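The values are calculated or read from the model by the stated rules, or taken from the named source; none is laboratory data. Treat the numbers as computed from the prediction; the structure is a model and nothing was measured. We place every Cβ from the backbone using ideal geometry, glycine too, and count neighbours over all the protein chains shown. Heads up: the accessible areas ignore ligands, DNA and RNA and are worked out on the full protein's heavy atoms, side chains in. Shrake-Rupley method; radii C 1.70, N 1.55, O 1.52, S 1.80 Å.
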Amino acid sequence: MQVTEDDAMLEGARFVPSPNRDARPPGCAPELVVLHGISLPPGVFGGPEVEQLFTNRLDPAAHPYFAAIAGLRVSAHLFIRRDGALVQFVPFAERAWHAGDSAFRGRARCNDFSIGIELEGDDERPYAEAQYAALEAVLPALMRAYPAITREHVVGHCHVAPHRKTDPGPGFDWARLQRTLGVPRPQTQALPEAGA
């Protein structure tokens with residue numbers, strides 16, 4: 001598995017372009033991976049709703065939960081389904097809108113310098129073997145393409161936005177990533193003071 005140089009896409013991923021993206025700030029290249037967990041409706045897997053959310057096509061009338069989120073303009077670079085299938089929404093050279101109000105090692109606005117990977121799941125259940133296998137292939141490819149992404153630069157959304165996010169949740173096996181890729185368990189980050 002590798003990232004193509006010409007278009008910053010992951011070979012083998014199905015591309016579903018999201019409009020919820022923009023240019024990274026000048027001089028910003030990926031140096032962090034933020035892992036997320038998502039399921040729509042919550043706790044339901046396998047449907048088209050995550051793709052619909054990331055492409056602004058989610059029907060607010062299709063489920064009571066959707067009315068509150070259908071207007072969100074969010075995306076991620078990659079989505080890893082329960083069966084390990086990969087969907088790419090945003091080229092890695094561009095900024096996806098995934099981390100929101102966040103900080104890593106005192107640096108705010110993680111979207112500027114991170115790659116967002118959504119895993120189909122929730123905080124209640126373990127992630128699937130196929131998802132770990134896919135992630136264990138994706139992360140080395142990203143590290144080869146973007147050398148600033150080191151093993152210490154793989155974190156969860158809960159680590160960069162602890163005031164509002166819990167994903168990928170307690171069911172995510174950080175110990176496995178440490179065994180297979182040498183990724184240490186991340187530490188929760190403090191957000192910079194207002195005005196900093």
Looking at (1) open to solvent by less than 60 Å² (accessible area, probe 1.4 Å); (2) farther than 21 Å from F172 by Cβ, can you tell me which one V50 breaks?
(2)
Pairs under 6 Å by beta carbon, first residue open to solvent by 40 Å² or more (accessible area, probe 1.4 Å) in the stretch 132-153, partner of a type in the set (A, V, I, L, M), six or more apart or different chains?
M143/I149; A145/V3; R151/V183
The stretch 20-43 residues that are of a type outside the set (A, V, I, L, M, F, W, C), paired with ones that are in a strand (DSSP E or B) and open to solvent by 50 Å² or more (accessible area, probe 1.4 Å) (beta carbon under 6 Å, 6 or more apart):
R21/E94
Filter the stretch 67-125 down to residues that are among the charged types (D, E, K, R) and open to solvent by less than 50 Å² (accessible area, probe 1.4 Å), then give me how many there are.
7
On the basis of being in contact with a Gly (Cβ under 7 Å, 6 or more places away or on another chain), in a loop (DSSP other than H, G, I, E, B) and of a type outside the set (D, E), does F172 make the cut?
yes
Residues (within 21 Å of T188 (Cβ to Cβ) and among the polar types (S, T, N, Q)) located in the stretch 96-145
S102, N111, S114
For F104, all conditions in the list (1) in contact (Cβ under 8 Å) with a residue 24 or more places away in the chain; (2) under 20 Å from A141 (Cα atoms); (3) not β-branched (V, I, T) hold save one; what is the number of the exception?
(2)
